[in-house]
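Heads up, the thing below is written out as structure tokens.
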Amino acid sequence: MALVKTDDIVLPSRGFNGLSLLRQLGLMVGLAASVAVGFAIVQWSQDPSYRMLYSNLSEQDAADISNTLQSAAIPYKVDSNTGAILVAGSSVHEARLKLASQGLPRGGGVGFEMLDKDQGFGVSQFMEGARYQRALEGELARTIASLNRVRGARVHLAIPKQTAFARARKKPKASVTVDLFVGRILDEGQITAISHMVAASIPSLEVSDVTVIDQKGRLLTSSDSSADMRVSSTQFNHRKRLEDYYIKRIEGILSPIVGAEGVRAQVSADIDFTVTEQTQESFNPDLPAIRSEQTLEERRTGSHSALSGVPGSLSNQPPANATAGSLDEPRAPVSSTTRATRNYELDRTISHVRSGGGDIKRLSVAVVLDDKQSIDENGEVIRVPLTADEISSITSLVKEAIGFNGQRGDSVNVINSAFKLPEEVEPLPEPSFMDNPGLWDTGKQVLAGAVIFFLLFGVLRPVLRELAAKGEAMPAQMMIQGQSVTGMQNDQLTLSADGGNPQKNYETNLSTARSLATQDPKRVAQVVNNWVATDGG
């Protein structure tokens, strides 16, 4: 059978349906993955960056904070590893203000708010006392945890039951455990303040019965045997405050003259902390006073009725030469006695003097002054030493400022010396662009846009363009044993040979026709019908 070659014809492509099943499946998976990646990137770019709000929270505080944030519509997350609560970076301050208005976090303890709850009917007095003690411990722990260096605290109170017998009463005691921030310590003043605060909150609790320890188990309060050391510490603090007071007075009076940076002063105070008591009794002999006086006077005088002798007849007889008128004449006094007893009291003075200590025994003052500075005609700074008269005047001012007393041995030493110029402080570096808090969010948006752009124009667009090109015309040329078979168009099929061996060409064409009939029998049947109709015409 002779086959005549006609115009070149192509096989019409069926687009996506013309691909193999494996390619169709790969294309669908690729498109789905691209859409999923794009959606995930958009969600990731819209998700705000979270920052830590609070960490190391108790379960009750974490639950209360979560409920408050949820009611306030503030997005938050809980770190599964540390249990910390994270909120959006732009909402950190708002969340903290909102929680502070609710009194959160409470520091892992309960306070007097637990007494507001309904205790129920039939609660015993023991349970009421236990709840009150627990609430008091929680309030004290919150107060201690409010200190800057304390991260958390726990308070344990040992309050004995009161009794009517005075001898059987026991004093309450307290123990405090403080959890300090890393690298922070409590000084002696802060420890004493915590002890006094706890002691003042509990009736009959002494400061010495309050024990304070840190999270490492170190005892922070002093023992009872170191009472003398506490007194020495108090005396040292008093001495330091007094010296600082004099230093401020000296620098305050000299700063307007030599400048705030041109004077350095140090004061050493020798203080007598001896406490003395004296009782004195003195008498003044120049001021006697009569305390009591007793006087006794006895006086005897003669009279006509005065008789002497032994009572009887002889004594009652008149004298021999008596006359009638002698009985009326008075007689001279016989004797007179005066006795006086006087008790004198001297002027006595009793004085009781108690000296509280803290008297200044001696002050030693050292003052160093910098050179005077002036600007010359060229605008340069010139440093000129102080003269002797200026130093003498400044010394007089210092003596007046401290209340100089030469009798107790005070000394003032003022010298002039050039100060070493301080090195210029380098300006603080400006915050870099990378430290901008909004940079991360902006970077996420830009990165998400770049990925979406790549997916659209680097993946999806080439795939769609290739499918569209195949939809218009896809040359289907199948090489079978060195021969080319062109597709079908308009239901026509032309098999051509380029000469050579006719038997070989015929077998090749026949094999190609069988392959086409197997792949698309309907179109092959339509072509055969057209051939029959044409031959019949």
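Each value in this text was obtained by applying a stated rule to the coordinates, not by laboratory testing. Worth saying up front: this structure is predicted, and the values here are computed from it rather than measured. Don't worry about glycine lacking a Cβ; one is built from the backbone with ideal geometry, like all the others, and counts go over all protein chains shown.
Worth pointing out:
- Between Asp187 and Phe283, the simple spin-label model (points 7 angstrom out along Cα→Cβ) gives 5.8 nm.
- Built amide H within the under 5 Å cut-off of Val212, gap 5+: Val176, Leu220, Thr221
- Two-site FRET efficiency, Glu251 against Val459, from Cβ-Cβ distance with R₀ of 56 Å, rounded to 0.05: 0.15
- Simple label model, 7 Å out from Cα along Cβ direction - Gln70 to Glu298, nm: 11.9 nm
- Estimated vicinal HN-Hα couplings, Hz - the stretch 27-38 in sequence order (Karplus 6.51, -1.76, 1.60; Gly, Pro = x): 5, 5, 5, x, 5, 5, 5, 4, 5, 5, 5, x
- In nm, spacing of pseudo-spin labels at Lys240 and Glu424 (7 Å Cα→C-beta vector): 3.8 nm
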